[in-house]
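Asker: After the structure tokens below, expect a handful of questions from me.
The values are calculated or read from the model by the stated rules, or taken from the named source; none is laboratory data. On a predicted model such as this, the values are computed, not experimentally measured, just so you know. Here Cβ is always computed from backbone atoms with ideal geometry, including for glycine, and neighbour counts include all displayed protein chains.
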Amino acid sequence: MALPNYTPLNYRIWHYTYLTICSLVFFFLIAPLFVILPLSFNAEQYIHFSEKMLAFDPDGFSLRWYEDMIWGTKNPWGLATKNSLIIAFFATIGSTVLGTIAALGLSSRHMPYKAAFMALLISPMIVPLIISGTAIFFFMAKVGLAATHTGIILSHIILGTPFVVITVTATLTGFDHSVTRAAASLGSNPVNTFMKVTLPLITPGVISGALFAFVTSFDEVVVVLFLAGLENTTIPIQMWVGLREQLSPTILAVATCLIIMSTLILVSAELLRRRSERLRGINR
Amino acid sequence: MSKEQILSSDGLPLEVSLKKAERKNKIKAVLLVAPLFLFIFITYVMPIGDMLFRSVDDRMITKMLPNTFAALEKWDSKELPDEKVYEAFYKDFYPLAMNKTSGKLYARLNYEKSGFSSGLKKTNRKIKKFEKGNYKEQFMATHKIWNKVEYWTALKNTAPKWSYAKYLKGMDLKFDDQRNIVQVDKDRQIHKILWMRTLNVAFWVTIFCFVLSYPIAHLLATLPMKYSNLLMICVLLPFWTSLLVRTSSWMVLLQQQGPINDFIVWLGIAADDNRPELMYNVVGTFVAMTQILLPFMVLPLYSVMKTISPSLMRAGKSLGGTPLVAFAKVYFPLTIPGIGAGCLLVFILAIGYYITPALVGGASGSLISNTIAYHMKSSLDWAFASALGTMLLVGVLTIYWVYNKLVGIDNIKLG
């Protein structure tokens, strides 16, 4: 952003101050994440930079905490990863299916009391998690699903559906309903129309909703903290337990893996968003 | 004037036929929404109702001591009750002691007045040897709580089936012996401090987020696409990263041997052996929550600013406004929906925050959510946790309502 030559001095000063402030804020946003990366390769059992690390001595770095994460005998990360993936997988499928179907109904112009239904369906996103956790715990305890995978999956479906409903209804606002009428007039039944015409067009919205639901489930601590027994431990729960006891380099190794995962999710979400905009004919 | 009726192909009037089709579409739409609606209603809305119910439900003790409460009804609360009441209590308590189901009673009555637990435990051991008749003397000989009018008043106060005592406790109020509402002792007023701190943290975190987000959202919205996409990653990467990862990075940064403290020592602000505590207090809560919630402010601001045409600012300036005037009169008012959405989002998220304050906040930086979790998991006073949760929920819904009146919820723009 080069300024033209004729820019007055005071404006010039203001402009560079503004850019400096922005850079500092961006630094504040992103820098904390990058502190974790080098420290997870620490050769020593501390979580601050050793002198060898600061001198870039190769002896200061090692992969021992990654080895500990994968093969460490008393480390629960294997079980936690397995549980997290199972729970997130089923929760994602559940929220995506329920949320997409509901979004189809909600974006129909024939739907009565649309605003009220919408408010109710996205309420799990609005109500503070601690309250949702308390209420869901009471329910699961009553029906005997506390400390089971099923209970946790169901509660993550509750928390994940609002995101799917929102992303899919957003995709459907730009949706041209004449294509479904065209399909119907050509003799297609509603299910076939949905599978062959509607779904391919709203796929980007559905997938980005599913991504949100996946991340919500994979990252969720509060409800699992209330519901989980020892068998149902997940990655966030293990991190929570570890952080409460003592900050160990192994946790930083896990955190690094999670940062890599979120980078991948970010890239795919961004690609999906652009594809969705292209499909809906929005060019900005 | 006669009206010509238009008939559809199957002979029905068009109006009827159209209505029929409309109704069919309506039913179709409702049926599509129904599965999720039922699911959310049963697993989420009803449990929240259950939570409200639990916060006022006090029937357990009413069921456990029916004879006692019936006998106490005529008691005037001035002197010790007469033999009849003691006998009634014996009738209620003896089976509980025999079945070993009196444990819940200790806990319940000890919330009401401390001392009950030890008194009842002792009574529980001795009651098997009680002789018939003259129960008053036998009780009074067993434990001193039975010679005190206060304990009987406290017991009588638990008689109603429904009680809002938990809500009073959440506001540091209580019933005194005459059932007047009074403040609890000064040194026990912890909840008022917690509510104030929660509001305070939520308010300042919202302000900090707004002040930090506004310039970068503006920069992102005005830069050419290829630069802004790159910078957008700085906002989106934290947004997609696990909350616990971000909290642990703040724990690394803020610890006493951490980089920020190193920097402070290097600058010479603090001595190496006297490093300031940046974590496990309210400072840690502020800094970490601001950074974690920042993307929730940037994204709505960005999406609103993106729609503001740059020619508006140019027009403002060409009409004689200085850049500052053009900004204040033209640009800023147009961004208000984004500001509203961002502030609402951050404030509501902050007011119910649990994980980050629990990890970096320590005792002086913990918020109301932490207390709810404590009563759910440790003290197991679920009724009190429900009451605090309900109070928080009412607060959040009020904020939405006010926001809807002022700005309109439809003006919210996300992403």
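Asker: In this structure, is A:Thr150 surrounded by fewer than 16 Cβ atoms within 10 Å (Cβ to Cβ), closer than 28 Å to A:Gln238 by Cα and among the polar types (S, T, N, Q)?
Answerer: For A:Thr150, the condition - surrounded by fewer than 16 Cβ atoms within 10 Å (Cβ to Cβ), closer than 28 Å to A:Gln238 by Cα and among the polar types (S, T, N, Q) - is met.
Asker: What's the total number of residues in segment A:153-186 that are at pLDDT 90 or above and small (Gly, Ala, Ser)?
Answerer: Number of matching residues: 5.
Asker: Still on this structure, please answer the following. If I filter segment A:262-284 for residues that are surrounded by 21 or more Cβ atoms within 10 Å (Cβ to Cβ), at pLDDT 85 or above and more than 13 Å from the chain's Cα centre (by Cα), do I get at least one hit?
Answerer: No, the conditions are met nowhere in segment A:262-284.
Asker: For segment B:247-268, what are the residues that are touching a Pro at 6+ places or on another chain (Cβ under 9 Å) and within 7 Å of chain A (Cβ to nearest Cβ)?
Answerer: B:Ser249, B:Trp250, B:Val252, B:Leu253
Asker: Only one of these is out of contact with any Ser or Thr (no Cβ under 7 Å at 6 or more places or on another chain), part of a helix (DSSP H, G or I), at pLDDT below 90 and within 14 Å of chain A (Cβ to nearest Cβ): B:Lys63, B:Lys20. Name it.
Answerer: B:Lys20
Asker: Considering segment A:234-249 alone, what residues qualify as being in contact (Cβ under 8 Å) with a residue 60 or more places away in the chain, more than 7 Å from chain B (Cβ to nearest Cβ), not in a helix (DSSP H, G or I) and not small (Gly, Ala, Ser)?
Answerer: A:Thr234 - this is the single residue of segment A:234-249 that is in contact (Cβ under 8 Å) with a residue 60 or more places away in the chain, more than 7 Å from chain B (Cβ to nearest Cβ), not in a helix (DSSP H, G or I) and not small (Gly, Ala, Ser).
Asker: Okay, moving on. Does B:Met279 satisfy being facing chain A (nearest Cβ under 9 Å), over 25 Å from B:Ile216 (Cα atoms) and within 32 Å of the chain's Cα centre (by Cα)?
Answerer: Taking the combined requirement at face value, the residue does not satisfy it.
Asker: Out of (1) more than 9 Å from chain B (Cβ to nearest Cβ); (2) within 30 Å of A:Phe41 (Cα to Cα); (3) under 24 Å from the mean Cα position of the chain (by Cα), what's the single condition that is false for A:Thr203?
Answerer: Here A:Thr203 clears every test but (2).
Asker: How many residues does segment B:266-305 hold that are assigned to a helix (DSSP H, G or I) and surrounded by fewer than 16 Cβ atoms within 10 Å (Cβ to Cβ)?
Answerer: 2
Asker: Also, quick follow-up: Got a sec? Which of B:Phe286, B:Phe239 is at the interface with chain A (Cβ under 10 Å from one of its Cβ atoms), under 30 Å from A:Thr234 (Cα atoms) and not acidic (Asp, Glu)?
Answerer: So the residue among B:Phe286, B:Phe239 that is at the interface with chain A (Cβ under 10 Å from one of its Cβ atoms), under 30 Å from A:Thr234 (Cα atoms) and not acidic (Asp, Glu) is B:Phe239.
Asker: Looking only at segment A:5-15, decide whether some residue is in contact (Cβ under 8 Å) with a residue 40 or more places away in the chain and facing another protein chain (nearest Cβ under 10 Å).
Answerer: The answer is no, given that none of the residues of segment A:5-15 is in contact (Cβ under 8 Å) with a residue 40 or more places away in the chain and facing another protein chain (nearest Cβ under 10 Å).
Asker: Look through A:Ile70, A:Ile36, A:Ile30 and report the one residue that is without any contact (Cβ under 8 Å) to a residue 12 or more places away in the chain, assigned to a helix (DSSP H, G or I), facing chain B (nearest Cβ under 10 Å) and not basic (Lys, Arg).
Answerer: The conditions single out A:Ile30.
Asker: Here's another thing I want to ask about it. Tell me which residues, restricted to segment B:306-353, are within 41 Å of the chain's Cα centre (by Cα), assigned to a loop (DSSP other than H, G, I, E, B) and surrounded by 15 or more Cβ atoms within 10 Å (Cβ to Cβ).
Answerer: B:Lys306, B:Ile308, B:Thr335, B:Gly352, B:Tyr353
Asker: Next up: Just to be sure I understand the filter: pairs with C-beta atoms under 7 Å, separated by 6 or more residues or on different chains, first member in segment B:63-75 and among the polar types (S, T, N, Q), second member surrounded by 14 or more Cβ atoms within 10 Å (Cβ to Cβ). Which pairs pass?
Answerer: From residues that are among the polar types (S, T, N, Q), the pairs are B:Asn67/B:Ala88; B:Asn67/B:Lys91; B:Asn67/B:Asp92; B:Thr68/B:Val85; B:Thr68/B:Ala88; B:Thr68/B:Phe89; B:Thr68/B:Asp92.
Asker: Would you pick out the residues in segment A:45-67 that are within 13 Å of another protein chain (Cβ to nearest Cβ) and of a type in the set (Phe, Trp, Tyr)?
Answerer: A:Tyr46, A:Phe49
Asker: Still on this model: If we keep just the residues of segment B:354-390 that are more than 10 Å from every other protein chain (Cβ to nearest Cβ) and in a helix (DSSP H, G or I), which is farthest from B:Met305 (Cα to Cα)?
Answerer: Across segment B:354-390, the extreme among qualifying residues is B:Ala383.
Asker: Tell me the helices (runs of 4 or more DSSP H) entirely within segment B:155-249 that contain at least 2 residues that are under 30 Å from B:Pro81 (Cα atoms), free of Cβ contacts under 8 Å to residues at least 24 places away in the same chain and among the small types (Gly, Ala, Ser).
Answerer: Answer list for segment B:155-249: none.
Asker: If I filter segment B:34-57 for residues that are at the interface with chain A (Cβ under 10 Å from one of its Cβ atoms), at pLDDT 85 or above, more than 28 Å from the chain's Cα centre (by Cα) and farther than 30 Å from A:Ile126 by Cβ, do I get at least one hit?
Answerer: No.
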